[in-house]
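Heads up: the structure comes next, in structure tokens.
The values are calculated or read from the model by the stated rules, or taken from the named source; none is laboratory data. The structure presented is a predicted model; accordingly, all values stated were derived computationally and were not measured. Here Cβ is always computed from backbone atoms with ideal geometry, including for glycine, and neighbour counts include all displayed protein chains. For the accessible areas, the whole protein counts, side chains as well, though only heavy atoms, and no ligand, DNA or RNA atoms are used. Shrake-Rupley method; radii C 1.70, N 1.55, O 1.52, S 1.80 Å.
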Amino acid sequence: MYYNLAQLLKEPTGSTRDYELDGSFVGPENGIDRARGRVRVIRTHEGFLVRTELETQVRLTCSRCLDQFELQSQLKMEEESFPTIDPATGKTTEPPEEAEGVIHLDAQHVLDMAEVVRQYVLSEAPIKPLCCEECLGLCPGCGNNLNKEKCKCNAASVDPRWG
Ligand SMILES: [Zn+2]
Ligand SMILES: [Zn+2]
């Protein structure tokens, strides 16, 4: 998911590159998650416009039952990107004043889409993920996952001496 934009940087405004993206990135729970889709990079006056249409598959842990589940989502974004090195002079360039939260290229003009996708997924990930709306969660008494097993609290509270 690395794209070298050094060549495109030398081309006139409006020049574009299309990339097929299919790769992995470090997800919100530090596992390896997947993204696939399309990336279009358009040369602008000052840098690039990066348009992406991706499908991401992210593993999350349900906040109720603590089971892992996979969340699929569509990710559409359009971000600006600026070179950190001026290709003509080789000097470090400051991104324009209003450039906050933009994609930064490294000194070789490489666009790291894995990091971009990661940041985006992190900002969009639910704070309390749920495996499903109706998740029954864990019983606070016996700790059983009530989606899969019955609560054992009553069974356990019967004193064996009575048996
Ligand atoms: Zn759950
Ligand atoms: Zn229970």
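Can you tell which of 70, 29, 53 is open to solvent by 60 Å² or more (accessible area, probe 1.4 Å), touching a Lys or Arg at 6+ places or on another chain (Cβ under 8 Å) and under 21 Å from residue 15 (Cβ atoms)? Outline the logic, then answer.
Details: 70 fails: under 21 Å from residue 15 (Cβ atoms); 29 fails: under 21 Å from residue 15 (Cβ atoms).
Criteria check complete, one pass: 53.
Which residues, counting only those in the range 22-48, are touching a Leu at 6+ places or on another chain (Cβ under 7 Å) and closer than 26 Å to residue 61 by Cβ? It would help to see each step written out before you state the result.
First pass over the range 22-48, keeping only residues touching a Leu at 6+ places or on another chain (Cβ under 7 Å): 28-29, 35-39, 41-43, 48.
Those that are touching a Leu at 6+ places or on another chain (Cβ under 7 Å) and closer than 26 Å to residue 61 by Cβ: 28, 29, 35, 36, 37.
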Based on this model, can you work out whether residue 129 counts as open to solvent by less than 20 Å² (accessible area, probe 1.4 Å) and at pLDDT below 90?
no
Pick out the one residue from 118, 64, 59 that is among the charged types (D, E, K, R), modelled with pLDDT of 85 or more, open to solvent by 50 Å² or more (accessible area, probe 1.4 Å) and within 16 Å of ligand 2 (Cβ to nearest atom).
64
For residue 93, which of the numbered conditions (1) among the polar types (S, T, N, Q); (2) under 30 Å from residue 8 (Cα atoms); (3) modelled with pLDDT of 90 or more fails to hold?
(3)
